[in-house]
Structures are given as C-alpha cells and as structure tokens.
Amino acid sequence: MSGGWPRFLLGRLIRVVAVCFILVTVVFVAVRLVPGDPAQKAVGFLDGTRKEKDAAIERARSDLNLDQSLPRQYVQSLVSAITFDYGVSFRTQESVSRVILDRLGSTLRLALGGTMVVIGIAVPLGLIVGLSTNGRRKGLEVGFSGLTGFVGSVPPYVMATLLIYAFVNSLPWFPRIPEGSVADDVLPSLAVGLGPALLLARIIRLETLSVLGQDYARTARSKWLPSGRVVVRDVLPNVLAPALTIGGVVFASLIGGAVVVEGIFNRNGLGSKLVESILIGDFPVVQAVALLLGVVVVVVNALVDVALAVVDPRRLVT
Amino acid sequence: MATACGDDGDSGGSSTPDPDKVETGQGAESSKPAPEAVVIAVPKDTDTFDPQTTLAEDGAQQLMLFLYDTLLRRDLEGKILPGIAASWDVTPTKGVFTIKDALTCSDGTPLDAAAVAASFERFATSPATRGKTRIFGAAGKKSITSDPVAKTVTIELNSPNNDLVTGVANAAPIICPAGLADPDSLSNTQASGSGPYVLQPGFKKNEQYVLERRNDYTNLPEGTAITDIPKTVTMRVIEKDQTAADFVSATANSIAGILSTDATRLQDEGKLVSVPAQAYGTNAVLFAQGEGSKLADIKLRQGMAMLIDSEQGGAAETQGLGVPRRTLYTPNIDCYDEAAEKYAPAYDPAAAATFLDTAGYVKGADGFRTKPDGSAMVINVVGDTTQFKAPDYLAQALKDGGFNVNLKVGTRAESIQALLTGQFDLGSYPYISSTPLPALWLNQIGSTGGDNFGVVNNTDFDTSAAAAQAAADPTERCDLWQAAEKAVLESANVVPLDQPVKYWFGNGVTFDARYYKIDPFSIRSA
Amino acid sequence: MKGRIRALLGTPTGAISVVLLLAILVLAVIGPAVFGDAATTTDFLAILQPSSSAHPLGTDGAGRDILARTLVGTRLSLVLALVAVSIAAGIGLLFGAALVTIGGRTERVGGTVIDTWLGFPSILLSVLIIAILEPGAGAAAVAIGLSIAPFFARITLSSAAGVVNLDYVSAARLLGLSRVRIGTRYVLGSIADALVVAVFSMFGQALIAVSALSYLGLGVPADVGSSERYSIDWGRMLNEGIENFRQRPAGALGPAVAIAICGLAFGWFGDALGRTFNPRLVVRRRTYADISAADS
C-alpha cells in the first residue's frame, strides 16, 4: 500500500495550509470586531495634554497600519503571519515574539504534563475496568460510571484548589508557586488532567467492551488463546484511537486553555496572556497568539492522524 | 479604579509629625544582620524601570526603592535625613542641595551635581514624566542649575511650594546619565540608578526580578553597614493575596503584604513576624463630576453621600480589616482633625430620600430616580476585584436609594482604563499617600492636578490648598489644609470610606514597612 | 412509548437521574421565589461567617447565606447551560450535516476546520466572542455555545460519514431517495442515540465553562439588591468562593457540588435516554424490507 502514504500526507498538508489560511482570516476579522479604538487603547496610559495625546493616537494609528484600507491591512497580516513579524505589544513595547517565547516553556510543560496524566490514567483504568466487568459486576460499573461522571464534572480550578489544600497546605509535598523544578508541574498537570482522564477512561472502557463483544475476539478466546494476547492484539489498537485523538485534543487545548489553573498556581502562560491582551485591546499580541494557538491545533491534529494511520493503515483511505 | 499614585510632600522646614501618630509600620527590633537572600512578594509587575514615568503601583514602587536613591530620605517618624544630598537649604521657592562626595551609579560612573541636575531637568521638562507638580508646583520650575565646584544643585520654582523638601525626599528618584541617554532601554530592559542594589539581567517579566547588592555602595543610612542588608533580594510577582499568604508561610526568609482575610489567619497562627502598616489617607468614593456630567450637580453628590455608609462601605472594601473613616485625612496624617467628620453629609437614607426629591431627582414611572428634567438616568459604578465588595456595596446603597445602577466589576487593568478614559460615574479610589502629609490631594483633587480623574473643580479647595502650600507658619498651614478638607467634604467631591491596613508578614525576617512598600535598609533576621 | 419509559427507568442510574432532574427542575422554578430573600440579603459587617443555625453553610464575602444562594443559582445556571448547549447542538448539527451532504473535498476541509475549532481552547474563544459582544448572560451563552458547537459537528460528521457508507443507505440511494431525505431520515436517525448522549453530557461542561468565564470577570455581571437573585449563577459563586476558600470553603464547595451533581444527573439521563433510542450499543442492521416498508 505504498501509494497510499504520499497521497495521505499530501492531503493532510493541503488541509493544514488551507485551515491556516482560514485561521488568519478569522483572527483578522475577530480582532477588528472588538469594539473600541485600538489606537486609543494603545495610548491610553499616557500622561500629557490633550494635543499631545491626540498626536500620540495618530502615531499609534499609523504604526498599527490602521490608517490603511482593510484589504491592504489583510494582505499585511497575511504577510506578517508568514514572515513571523508580529510587531510589538502596545502595553509594554516589547516584541510580540519575545512575549510569546517568555511564556512558551511554562505552557509547554503544563500541556505535556496534562496529556501524560490523561493518557497515563485513562488507558490503564479503562482497560482494567472494562476487562474485569464485561457484563458482570453491575455494582462496579455503576460505581465507575458515577465516579467518572462526578469527578469529570469538577472544574479544573476547583480540582486545583482541592489539590493545593491537600498537597501544599496540609501535606507540604509540592510548591505553591513555580520554583524552577519539575515538582512545579505535578499539581497543575493533575488539576487539568484528572477530569479529562476519567472521561477518557469511560470511552476506553466502552471500546474495550465493544471489542471483547465482537465476534472475532470471542472466537479467538474460544480457541483457548491466553486473554493477554487478545488484549494486546485486538483491544489495545482499538483503544489507541480514542486515546490518541483525545490526547491530541487535550494537548492542543492546554497550550492556551489552562488560563484559570495557571492563575491559581501563579504560572505565566500563553492563555492568560491572550485573555489579558484581548481585554485591554493589545491587538498585535492577540493576533499573534491566537494564530499560534490555531496552528498548534491544526498541526497536532494532523500528527495524530498520521499516528493513527501508522497504527491502523486502513485509515489511509479517508 | 486604583492607580497607586503614591507620594507627596509637606513643608520640610521645621515641623516633624507627632511620633504618637505614626503608630505602625515598625518591625520587631533585631540586632542580627539580614539573611543572605530574601524574597519579597509583590502583587503586580512593574510597568517600567523608569521611576519618573511609572504608574507607581505596588511592584514598581518597591522595585524603585531598591534600585534608585533620592536626594533626601525620610524615616518612619517623618524626620528628613541626608540621602544623595549631605546638606540642604530650602525655602518654598528655592532649594540648594549639597551632594555627597564619591557617589557612584550602578554602572560605575560617578554621580555628581551635574548628573543630579540632569535628572531633575528631565523630570521637569519631559511630557512623559508623572507627578512633577508635586515637586515643582503647578507653575513649574524656573531653573535647575549645578555648580561643580561647590558640588551643589539649585532648583528654583516659579511659585512657592512648601512640599519641595518632602517631594524631593519621596517622589524624585535620581536617574543616572546612562538611563537619561537611553530612555527606551530604561523603559524595558534595564534600570539606571545609584541605589544599593542592581537588577540582574535575565529577569522574567511578570515573574521574578533578582537584585544583587552593590558592594561599592557608600550612601548607606547612618548606623547601617553594607553587610547588614541582604546580599540578594528577589522580587516575586504573586498576583493573589491568598497565594502570597501561602507563599510567605512556606518560604523561609520571605516577605509579603496581605490585604485579604488571610491576614487574620496568619496572625492567629503566630508563626510569622507581623508588621501592620496603616495607610496615610483613605479609600474614598470618586465621582465623575466634570462639567456636563450627571454628578456635576452638588446636590446629587450630597444626596448620594447620605446614602453611603462608611462603616459598611469600609468593611466591604477591606473585608473588615481596615478602619472606617468619614474624614479625608487620617489620624496618622499631619493636620488631622477628628471633628472634620461633621462636614461630610451624614449617612441617613431616610433624609437622603427627602433631600433628593427636593433637589429634583424624583422617581419616575419605572421606579428609578430621574434627572430634574425628567429624563432617565443610569449611574455607572465601576470597580475591580482588588476592591473586594466595595463596588457591590456602593451599587447596592444607591439602588436602595432609588437609582438605576449599572455595576461593572472588571480586572484592574480594565478599571484603570475606564478611569483614564472617563467611562464611569463613580467608584472607589485610593486617596492614599506614602507620607503623612495632606498635599497629595492637590494632585488628585485640585482642579489642575494630573491625577484628578474625577475632574473636581472646587475653587475653595484650590485656594486653601495653594495657600497652605505657600504658608510658612505650621499652624496657619494646618488651618488652611483643614479648610481645604472642609471644602471637599461639604461639597461631597469625594466620600471617604475607609483607611486600609496592609498586613506585612516576614518569615524569619523583620523589617519596617509603610502601606505600599518596605524599607530596604531595615531588613534583618528575626 | 411504554417500552421507552421502561427502558429509561430500567437501569439504576437512569432512575436516579430522573429523580434528580425532577428535583433540579423544581428548584429552578421555585428557587428565586422561596430562597431569594435569604440569598440576596447582604450584611457587610458579618462576612465569611462559619456555619450556624441561621446559616447552615455560613455566609459569603458580602454576608449572604451560601446555602440559599446555591439553591437559587439553579435557575440561571440551568438556563445558561441549556441555551448554550442548544446553540451548540443546533449549529454543530447543521454544520456537520451540511458537510456530509455536500461531501467531497469540502467535507474533508470542513472536517479539518471542525477539528481546529474543536481543539482551539474554548475559554479563549469565549473571551474573544464576549469581547466582541460585551459581557452579559446572553453573550456568555452564545460564547459557550459557539465553543462547544464543533463537538456536535464532529460527532455528526464522524457518525454520519460512517453511516453513509453502510449498505442500507447505498440501497436507499439506489431506490432514488433524495440526498436531503437520506440525510434527515436515515443518517440523523441512526446517530440519534449518540447525539442525545452527547447533548446531555455536555451540560456539565457548559456549567463549568460559565464558571471559568466568571473567574475572568466575563460571566454574568453582578446585579445588586433584591433583583440580584436572578443573576446568581454557580459560576460566579464558585469564583468568589475560591477567593475566600481558606476562610470559608463552603462558599466554593456548595456550587461545586451542585455543578457536579447536575453534570452527573444530566449525564446519566443522557445515557439512559440514548439507550431508549437504541437498546443495544451496536447499531441495528436494517434490511431492504425495512426501508421499503418505512417509505411507502
């Protein structure tokens, strides 16, 4: 099936490019829909006479290319997206690239940690419960369903507060704010990962049951093959698909989405920066970070697709 | 709405505030030197490294204190002490300061009279600098000169300003020549001062700043040796008080200032050194009262003042940790008079109802008070979460009084923006100085003041305050300042709510503190 | 119908969820009237009080009774979640179904758009939308709805794409049925159970999303005075409760438990309801006879 791969990869690549293009457009439009004059906001904190302020606003307007026609601005934003030239933040005058790079490390560590928590808990848990129930033990099933439903509904930042109370205040095992070691990332990763982990565990259990219930697995077992073999050969591959998919989604969404947990642990992440910038109207930062996040999502999804195709070459067709 | 616009001056001259009034801020005594390294938690990042253009919120104020020196210094009791200047001769219109020998900037260049003069010149003339009127007065500087032989700097003003000395001591950090030559880098990349500490490169914005002690620093206060102060000071940005409270409990040799109810818990636990510091001044209700605005009508403001209870409002703002006040000045401020309370409209909702009806603000068909011409009126109350429940209390008090209220509680950045662009009708604002002197209000309430966000135009206040600044005799000065306070309270330009208290805590360290910042030279092991 | 109800109540989780949902609904209707006064009476001089006979869960940062607020908050929280999920399901379904019906390259690119939309952090999307619309209850619902929508679009697309390839749909096409007819009758009908489960399981997520927005001050704005009872939602309560967590944990635990119970109840109900559409977990394979019989 060697002809399948190049076409598959090319198709994915084209789609990635197309969606990035759509992204730039959507971000461009969205940022301009926010009410208020960005030039005014950029100058807002200036101390001076009316005339000085007006002049400063005019300067800001031309710096931001806001005095040019919309189509030209659009083309400019496309060009700057490709050349990675994102300008400077209004508020602090430092380059947007610098702003992003400063926060990338902490953000990546949380995203990786959270993803590891999700997959590391969900897969074993879902497998074990699936394999041991399989139609029997109704009590365990209800208990599992209840526990996962309950904990899965706990918002990440409530989880964070509880974890802090348990493992920082009561048992001083972890630091309250980042101190520069790996220990910084444990509680935040758990806070963002536990909920999705339990929800994924449910899906994995369902997949496990579905595979065990299907004919060929039953046939294989009836031929007295050890159940361990069945697990590895039939169950795991089917479980990998949702695990990888959801793992990918979790990773991508944690790159920007852990705003509240970041706030509680006093971490400086991309998400909080984006929110802050949207609220004060810091155009350049919003455009760059939103675009970056979107691209991360597209790329991660494409990579997950490739990984899934590696596991199951039948997927090369779609 | 909260910009921590800190300092202002008083007539330096002969009077020093009564030590009995300065009741807090003094840490426990210690004869041990400071620990090698200390971490200080600050609630907000600094906006710049330029002390003349900063918005002066908590983090910025503390950082500037470590990196920059001033011509003069003030101790906790209010006494003026030498700083960069060894001696001084000051009148309300002219100040002559003799610079100490052999002072250096953090980059090694000498700090002489010419350099000091250049710093003041930039402060006085650049449009980007803030708060220059506190030192140079509204009429500005006449001249700033230096004499290399006599090693003096002479500042002459266009009109008299009693606050010149204290302004110079508190609100005029000296920027070194390197910084003046490169203001852009001064904004973002590095500080340029002559203070006891140097900012290390590799700092992380909104996270951490590491400051190293300069061993060639000679400008120490009398009685302090260079080895007495910490070698390394780390400033850590921790946004929430709850987090800072956990941090200071768990981290040895750390310091944090707490405004939330976590302070009570930490005090009860008793494991930390506790240094409560009362603010000089109050949080008060700020009305947007410029010409043409709804609240330009004095009767409307007075009616609203009668609906607002300082006890409840103060408790709402400080979660019960502050002191409710109905006067603008507080007991720890020069010229405080308890009796001034009577000038403010008293809290009396029943009387307020009649008063407002008579003034023409009757309730319309929808049950809400309308303007005298009958048109509908919505009062926009704006605040942020650092004010706890004060915005909610204010909105509720007014709503109970019959007004149609729109409450908007946002982030601090948003409320500052609303403040600066005039998009509010009222909110709570800190009329708080870092020194026990009333002159700050010239900047915040005076009609030409740079921080007069409410666009207050009270000619009685302007006249009395200006005369107070020019008065030579201390008794006359206080009489005039009290007349100024009376004018403001009677016209309900502001409605005082509470005097906040910041509870500073040290884990294994003691220090002296004011409301906004701690004294860098006072840190010692407990 | 009777069989359906029996299927619904048959499992223990199904039965419990129905009881819970009824209780929640009753609370939503009568809450503000019955508990509204206790929930909105402030006392700034008695904030963060511990449990007492007057206040079983204590008071919050403005001196109001926490238990009463939790009960009153049911209405707005539920309405917000309902509107948000409805918007999400409506938009998501339409978008997904449209893509399947158009098919071809549009469907593939559309699928990637959906995945990107889905993967983009929902809170950031919500903040952007609220920045455009100005904060309010409506804006919050729309923002959350739009950020959850891709979830439904994805389910529709995946399940529908799978179904479209099944034998009986090909047969329907051969029999000359229009694309739209195939779309609504067979495709949607077949994925109904998955959709129903999805709708109900997203309720809890919607509630949590509101609380995250409130943390940033972008949720439902606070009202004051007696009418505040209609603007109480668990999200805002949760945010305030966490601010004062060490002093009064009940302030946060009250709404957190309420959200969790609601999420659980809706989730179980959705599972049970889904089962009534489809007794076995596997899609029933229909024969040609079934199709022609159903169509004539």
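Coordinate-derived values only; no laboratory data. Predicted model, so just to flag it, every value in this text is computed and none were measured. So basically every Cβ, Gly included, is an ideal-geometry build from the backbone, and we count neighbours across all protein chains shown.
Observations, loosely collected:
- Dipole magnitude of region A:4-83 about its Cα centre (Cβ charges: Lys, Arg +1; Asp, Glu -1), debye to nearest 20: 420
- Label-to-label distance, C:L82 versus C:A33, with points set 7 angstrom from Cα along the beta-carbon direction: 1.6 nm.
- Ranking B:A483, A:F144, B:S187 by how far each Cα lies toward the positive end of the dipole of the protein assembly as shown (charges on Cβ) leaves A:F144 at the top.
- Intensity falloff of the protein assembly as shown expressed as log10 I(q)/I(0), Debye formula with alpha-carbon point scatterers, at q = 0.05, 0.07, 0.08 Å⁻¹: -0.38, -0.72, -0.91
- Chain B: relative contact order in percent, alpha carbon pairs under 8 Å with at least 6 residues between: 23
- Size descriptors for region A:228-318: radius of gyration and Dmax over Cα atoms are 17.8, 58 Å.
- 31 Å Cα-Cα threshold exceeded, pairs from B:K240/B:K299; A:K53/B:K294; B:K32/B:K205: B:K240/B:K299; B:K32/B:K205
- Among the listed pairs B:K132/B:K408; B:K44/B:K399; B:K44/B:K231; B:K79/B:K486; B:K44/B:K502, those whose Cα-Cα separation exceeds 25 Å are B:K132/B:K408; B:K44/B:K399; B:K79/B:K486.
- Pairs of Cα atoms in region B:196-279 fall into 10 Å distance bins, from 0 up to the last occupied one, in shares of 15, 36, 33, 16, 0 percent.
- Extension gain (nm, one decimal) between B:T125 and B:T109, 0.36 nm per residue minus Cα-Cα: 3.4 nm
- Region C:5-130 shape via C-alpha gyration tensor axes, a/c threshold 1.5: oblate
- Antiparallel content of DSSP bridges confined to chain B, in %, to 5: 80
- Cα gyration tensor shape of region B:406-526, rounded if a/c is under 1.5, else prolate or oblate by comparing a/b with b/c: oblate
- Working note: Cα gyration tensor of region A:4-83, eigenvalues times five, square-rooted, sorted largest first, giving semi-axes of 39, 11, 10 Å.
- For region C:1-92, the Cβ-based charge dipole about the Cα centre amounts to some 600 debye (Lys, Arg positive; Asp, Glu negative; other atoms uncharged).
- Once the Cβ-Cβ distance of A:V232 and A:T83 is raised to the sixth power relative to R0 = 35 Å, the FRET efficiency obtained is 0.15.
- Rounded to the nearest 20, the Cβ-based charge dipole of the protein assembly as shown about its Cα centre (Lys and Arg +1, Asp and Glu -1) stands at 6740 debye.
- Projecting the Cα positions of A:G256, B:W88, B:A468 onto the charge dipole of the protein assembly as shown (unit charges on Cβ atoms of Lys, Arg, Asp and Glu, taken about the Cα centre) puts A:G256 furthest along the positive direction.
- Placing dummy labels 7 Å off each Cα toward the beta-carbon, the span from A:D63 to A:V182 is 4.4 nm.
- Inter-label distance, nm, simple model (7 Å from Cα along the C-beta direction), C:L175/B:A359: 7.9
- Packing around the peptides B:198-208, B:314-324, taken as the average count of other Cβ atoms within 10 Å per residue, puts them in this order, highest first: B:314-324, B:198-208.
- Using the Karplus relation 6.51 cos²θ - 1.76 cosθ + 1.60 with θ = phi - 60°, the per-residue 3J(HN,Hα) values for region A:279-292 come to 5, 9, x, 8, 2, x, 5, 4, 4, 5, 5, 4, 4, 4 Hz, with x marking Gly and Pro.
- Values of log10 I(q)/I(0) for chain A across q = 0.08, 0.14 Å⁻¹ run -0.51, -1.15, by the Debye formula with one identical scatterer at each alpha carbon and no solvent.
- Within region B:465-486: backbone nitrogen closer than 12 Å to the B:S159 label point (7 Å, Cα to C-beta): B:465-470
- Here the gap between B:D182 and B:A339, fully extended at 0.36 nm per residue and compared with their Cα-Cα distance, gives a gain of 51.4 nm.
- Relative contact order %, region A:4-83, counting alpha carbon pairs below 8 Å whose residues are six or more apart: 30
- Rg to Rh, two decimals, where chain B supplies the alpha carbon set and Rh follows Kirkwood: 0.97
- Considering only C:S231, A:F90, C:G103, and ranking their Cα positions along the charge dipole of the protein assembly as shown that arises from unit charges at the beta-carbon of Lys, Arg, Asp and Glu, the one farthest toward the positive end is C:G103.
- Relative intensity, log₁₀ I(q)/I(0), of region C:23-69 from a Debye sum that treats every alpha carbon as a point, q = 0.27, 0.30, 0.31 Å⁻¹: -0.90, -1.00, -1.04
- With R₀ fixed at 56 Å, the C-beta to C-beta distance from B:K94 to A:S170 puts the FRET efficiency at about 0.35.
- For the pair A:T25 and A:L104, a Förster radius of 35 Å applied to the C-beta separation gives a FRET efficiency near 0.90, rounded to the nearest 0.05.
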